[in-house]
Ligand SMILES: Nc1ncnc2c1ncn2[C@@H]1O[C@H](COP(=O)(O)OP(=O)(O)OP(=O)(O)O)[C@@H](O)[C@H]1O
Ligand SMILES: [Mg+2]
């Protein structure tokens, strides 16, 4: 869950397979007042993040099993709001550029003096606060696009904000679904602060649903060491943003439907019933009609959620907007694009949509040493693919079977927050098979599933 306070402000996760190196960073950061946990590998890091997300991950580069760059890629994909710093003994420029391109906020070369570690961590945290701040307050004008579809989107936001009806926002990844939810919030609240609670349904294991949404009484189950009010009561009087709605199991969809009907919440282990008034904005990158047809989404829930439906077109279907968006995200750097660079951006397929475009432009602005950014500075190849893909998708070059299998496994683990049972299900293999394969690629941490 993410309320507007964002992740724990001073939580740092250190990832290093070398115990003395991990301990060194842990001590240096703890002394500077950070809350630090350390783990010895990428897979353990994914599990630790899933359990309790830190604000910052500091990872070594060369590790057996999952490399630091692979971990960086997976974290950026799954938890884009988290900052990652890469630490390594290697100081080659190519690796630094690669880490920055993949989204690292900083790169430190070992041995790192404690003062340098403190400064880098503090700077990363300050950057996070800046990055989180505007997200709370998106004006409709910040949703850029002059194509008819985007003008229509802004119109729909204004209409939705004038009512109290629930909203379903659809669109591929990176098309701006959360941006739309936040713009509705800003107009709807009209100055009066009301809660906005964002929750990603992919991150709640199905069996923790009750406690997460309805809250629990202290002692109602093992691990419930204090009372918890739950998402629905936290969002009372405001908005509950349900991201990745497609990940809500049918069983839990039925429970959600009941809340939509009667507005009643009973925490786990409690007799007391609370009435809540919550406006729901649900987002999904799947087509709701396909989910209805496949019986993955309950029709009754969908119709209760869909007071308004706002559909965000993929960027490739509104290419005229690309120069506007690129220029917008380039503006803070005061750099400019050559006409060739603009043409290349406009022709690119953009599977990651606006998020990917934004990242390409911002990385080019940060890494180019001149004020005029040319096509070659963008990291786009002539085939239309980025030379360093943001996701571990199989590159065109011939990969050994083993390597592509390993990438598929890593991607599945990342997509399910490191949860091996769900990753195995997604891969269509038994979890003991996944376990064996993880062992083969040196990534089994010997924990039970
Ligand atoms: N129309 C737009 N104008 C300007 N920036 C945009 C626009 N659409 C998206 N962005 C930017 O792209 C990034 C991704 O947007 P957002 O997080 O809202 O996407 P999303 O649809 O929720 O993606 P996902 O399905 O992966 O969660 C953000 O940095 C956002 O500011
Ligand atoms: Mg989103």
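The values are calculated or read from the model by the stated rules, or taken from the named source; none is laboratory data. Keep in mind the model is a prediction, meaning the values are calculated, not measured. Note that each Cβ is placed from the backbone with ideal geometry, even for glycine, and that neighbours are counted across all protein chains shown.
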So residue 271, is it closer than 21 Å to residue 421 by Cβ and not in a strand (DSSP E or B): no
Any chance residue 103 is in contact (Cβ under 8 Å) with a residue 40 or more places away in the chain, in contact with a helix residue (DSSP H, G or I) (Cβ under 8 Å, 6 or more places away or on another chain) and at negative phi: no
Residue 84 assigned to a strand (DSSP E or B) and either under 22 Å from the mean Cα position of the chain (by Cα) or farther than 27 Å from residue 205 by Cβ (or both): yes
Matching residues, segment 232-268, being assigned to a loop (DSSP other than H, G, I, E, B), more than 16 Å from ligand 2 (Cβ to nearest atom) and out of contact with any strand residue (DSSP E or B) (no Cβ under 7 Å at 6 or more places or on another chain): 236, 237, 249, 266
Single match in 388, 346 (criterion: in a loop (DSSP other than H, G, I, E, B) and either at pLDDT 85 or above or surrounded by 14 or more Cβ atoms within 10 Å (Cβ to Cβ) (or both)): 388
Selection count where residues are assigned to a helix (DSSP H, G or I) and either within 12 Å of ligand 1 (Cβ to nearest atom) or crowded, with 21+ Cβ neighbours inside 10 Å (or both), scope segment 145-187: 16
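For segment 188-215, what are the residues that are away from ligand 2 (no atom under 16 Å from the Cβ), outside any helix (DSSP H, G or I) and within 30 Å of residue 351 (Cα to Cα)?
Of everything in segment 188-215, just one residue is away from ligand 2 (no atom under 16 Å from the Cβ), outside any helix (DSSP H, G or I) and within 30 Å of residue 351 (Cα to Cα), namely 205.
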Qualifying residue in segment 247-259 (condition: buried (at least 16 other Cβ atoms within 10 Å of the Cβ), at pLDDT below 95, under 25 Å from the mean Cα position of the chain (by Cα) and within 17 Å of residue 170 (Cα to Cα)): yes
Segment 166-195 residues that are modelled with pLDDT under 85, paired with ones that are outside any helix (DSSP H, G or I) (beta carbon under 7 Å, 6 or more apart): 194/237; 194/238
Test set (1) within 16 Å of ligand 1 (Cβ to nearest atom); (2) without any contact (Cβ under 8 Å) to a residue 60 or more places away in the chain - residue 243 fails condition number: (2)
So residue 87, is it at pLDDT 90 or above and touching a helix residue (DSSP H, G or I) at 6+ places or on another chain (Cβ under 6 Å): no
Identity of the residue in segment 349-374, part of a helix (DSSP H, G or I) and touching a strand residue (DSSP E or B) at 6+ places or on another chain (Cβ under 9 Å), that ends up farthest from residue 327 (Cα to Cα): 356
